[in-house]
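Contents: one structure, followed by commentary.
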Amino acid sequence: VGGEQISSIGRGLCVLLGISLEDTQRELEHMVRKILNLRVFEDESGKHWSKSVMDKQYEVLCVSQFTLQCILKGNKPDYHMAMPTEQAECFYNNFLEQLRKAYKPELIK
């Protein structure tokens, strides 16, 4: 950000989180479960799609990304479905807190 590195991880997941106006605590809890349990890594024998980030004790890097809520209207992006900044910041911080509670806090960046 502005030429400065804010965070980094080794092996793990980079989560680009687009928060919608319609997202609630229920969606937040669902996202946390899915992210931590998503089987996208191989197991010890090399079998693909077998292990989750928690199984492998990998890290998770989260990036709030409102542009994922973009709707194109003609040639202009429309972000009216993205949660407003103040509300989204609270939601995002709660999301990080829930990830840390469900997993290892030191592995959530």
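The values are calculated or read from the model by the stated rules, or taken from the named source; none is laboratory data. All of these numbers come straight from a predicted model, not from anything done at the bench. Cβ sites come from the backbone with ideal geometry, for glycine too, and all protein chains shown count toward neighbours. These accessible areas exclude ligands, DNA and RNA; they are computed on the full protein's heavy atoms, side chains included. Shrake-Rupley method; radii C 1.70, N 1.55, O 1.52, S 1.80 Å.
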> Taking region 95-109 as the region of interest, how many residues are among the aromatic types (Phe, Trp, Tyr) and part of a helix (DSSP H, G or I)?
Replying inline: 1
> Which pairs have Cβ atoms under 6 Å, sit 6 or more apart or on different chains, and link a residue in region 44-67 that is free of Cβ contacts under 8 Å to residues at least 24 places away in the same chain to one that is crowded, with 16+ Cβ neighbours inside 10 Å and among the hydrophobic types (A, V, I, L, M, F, W, C)?
Replying inline: 51/41
> Looking only at region 41-67, which residues are part of a loop (DSSP other than H, G, I, E, B) and either open to solvent by less than 50 Å² (accessible area, probe 1.4 Å) or touching a Phe, Trp or Tyr at 6+ places or on another chain (Cβ under 6 Å) (or both)?
Replying inline: 43, 46, 50, 52, 58
